[in-house]
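Structure first, commentary second.
The values are calculated or read from the model by the stated rules, or taken from the named source; none is laboratory data. Note that the structure is a prediction, hence the values are computed from the model and not measured. Cβ coordinates were reconstructed from backbone atoms using ideal geometry, including for glycine residues, and neighbour counts include every protein chain displayed. These area figures cover heavy atoms from the full protein model, side chains too; ligands, DNA and RNA do not enter into them. Shrake-Rupley method; radii C 1.70, N 1.55, O 1.52, S 1.80 Å.
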Amino acid sequence: MLRITDARTGEPIDAVPARRSLTRVEAHVERDDLSALRVLLVADVLARTLELGGTPVVTVADPPPELRARADALGIRRAEGDRSGAGPALHVLAPGATAVEGIRVEVAPVHGTADPALLRMVLLAAPRRQPVDFATADLDGARETLARWRKSVATWATRPSKPVPERVRQELRAAWEDDLDVPAVLEVLRRVEHADDVPDGARFETYAYADRLLGLELTRDIGAQR
């Protein structure tokens, strides 16, 4: 069960009262900037996390058209529904945003600019309550890691299939269910990449499974000519 920190109290709380209860994830954005884009991204990952845990989710947002286009480019799924829908709500917003009823999931601001192809990777690698400054971010490292993982996944896909090792599955779920700790999810993938006891077929399944949360298109290059 996902536990999330409610910004109103600073305390962790169950994200939903019941795993099968329809839940709204509401992203509160008004401007077209990278900070608002990060709010949409966190809402997207939060919805994916709940879905992986078996919770039905409807996402709600009304971004400006320019921001919607940037979100599309980042692979952020389009929101649907409206704020009057039934079910408990999780509100994803920037610090200091207008007060709302329900659990508040705050997202720190973003400064600077970066290659749009790297935005999702760089933003996912930082804890959501930690500000991101692209002037000091390791953009080269993010570019190299993303390219290496996509190439490796394409290679592993040609090996005999093996299931995700149960201990690895538990590590991944423990990470994303612990206050949506996406950097810890990425760390699990780094360990699996070099683990001697994980066959390539299981590495492929592990990365494909984790990418249901990350949305980094890690399987994008499967079948591409190398």
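Among residues of region 7-16 being touching a Ser or Thr at 6+ places or on another chain (Cβ under 9 Å) and either open to solvent by 20 Å² or more (accessible area, probe 1.4 Å) or not aliphatic (A, V, I, L, M) (or both), the one that is farthest from Asp133 (Cα to Cα) is Ile13. Please work out if Glu217 is of a type in the set (D, E, K, R) and either buried (at least 16 other Cβ atoms within 10 Å of the Cβ) or farther than 18 Å from Gly75 by Cα (or both). Considered against the rule, which asks whether it is of a type in the set (D, E, K, R) and either buried (at least 16 other Cβ atoms within 10 Å of the Cβ) or farther than 18 Å from Gly75 by Cα (or both), Glu217 comes out as no. Against the condition open to solvent by less than 30 Å² (accessible area, probe 1.4 Å) and modelled with pLDDT under 90, how does Val45 come out, does it pass? Spelling it out, it is not the case that Val45 is open to solvent by less than 30 Å² (accessible area, probe 1.4 Å) and modelled with pLDDT under 90.
Listed here are the residues, each with its yes/no results for (1) surrounded by 17 or more Cβ atoms within 10 Å (Cβ to Cβ); (2) closer than 25 Å to Asp115 by Cα.
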site	(1), (2)
Leu2	yes, no
Thr5	yes, no
Leu22	no, no
Glu26	yes, no
Arg38	yes, yes
Val60	yes, no
Leu90	yes, no
Ala97	yes, no
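The condition (being part of a helix (DSSP H, G or I) and either under 17 Å from Val107 (Cβ atoms) or among the acidic types (Asp, Glu) (or both)) is satisfied by just one residue among Val45, Val29: Val45. Restricting attention to region 192-210, the residues being in a helix (DSSP H, G or I), crowded, with 18+ Cβ neighbours inside 10 Å and not aromatic (Phe, Trp, Tyr) number 6. I'd like to check something: does region 119-138 contain any residue that is more than 29 Å from Asp6 (Cα to Cα), touching a Phe, Trp or Tyr at 6+ places or on another chain (Cβ under 6 Å), at pLDDT below 95 and not charged (D, E, K, R)? So far as region 119-138 goes, no, none of its residues is more than 29 Å from Asp6 (Cα to Cα), touching a Phe, Trp or Tyr at 6+ places or on another chain (Cβ under 6 Å), at pLDDT below 95 and not charged (D, E, K, R). When you check Arg173 against the structure, is it of a type in the set (Lys, Arg) and open to solvent by 90 Å² or more (accessible area, probe 1.4 Å), yes or no? Spelling it out, it is not the case that Arg173 is of a type in the set (Lys, Arg) and open to solvent by 90 Å² or more (accessible area, probe 1.4 Å). Summed over region 143-164, the residues that are hydroxyl-bearing (Ser, Thr, Tyr) and either assigned to a helix (DSSP H, G or I) or open to solvent by less than 80 Å² (accessible area, probe 1.4 Å) (or both) give a count of 3. Within the option set Asp115, Asp133, Asp140, being open to solvent by 20 Å² or more (accessible area, probe 1.4 Å) and free of Cβ contacts under 8 Å to residues at least 12 places away in the same chain holds for one residue only, Asp140. Checked against (1) over 23 Å from Glu177 (Cβ atoms); (2) free of Cβ contacts under 8 Å to residues at least 24 places away in the same chain; (3) under 19 Å from the mean Cα position of the chain (by Cα), Ala73 passes all but condition (2). Out of the residues in region 99-111 that are of a type in the set (A, V, I, L, M) and assigned to a loop (DSSP other than H, G, I, E, B), which is surrounded by the fewest Cβ atoms within 10 Å (Cβ to Cβ)? Looking at the filtered set, the residue picked out is Ala99.
Results for (1) part of a loop (DSSP other than H, G, I, E, B); (2) at pLDDT below 95; (3) closer than 30 Å to Arg150 by Cβ, shown as yes or no for each residue.
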position: Ala18; (1), (2), (3): yes, yes, no
position: Val58; (1), (2), (3): no, yes, no
position: Gly85; (1), (2), (3): yes, yes, no
position: Pro95; (1), (2), (3): yes, yes, no
position: Thr113; (1), (2), (3): yes, yes, yes
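Among the numbered conditions (1) assigned to a loop (DSSP other than H, G, I, E, B); (2) surrounded by 18 or more Cβ atoms within 10 Å (Cβ to Cβ), the only one that Leu189 does not meet is (1).
Ala108 meets the conditions (1) out of contact with any Asp or Glu (no Cβ under 8 Å at 6 or more places or on another chain); (2) over 21 Å from Thr23 (Cβ atoms); (3) at pLDDT below 95; (4) among the small types (Gly, Ala, Ser) in every case but one. The failed one is (3).
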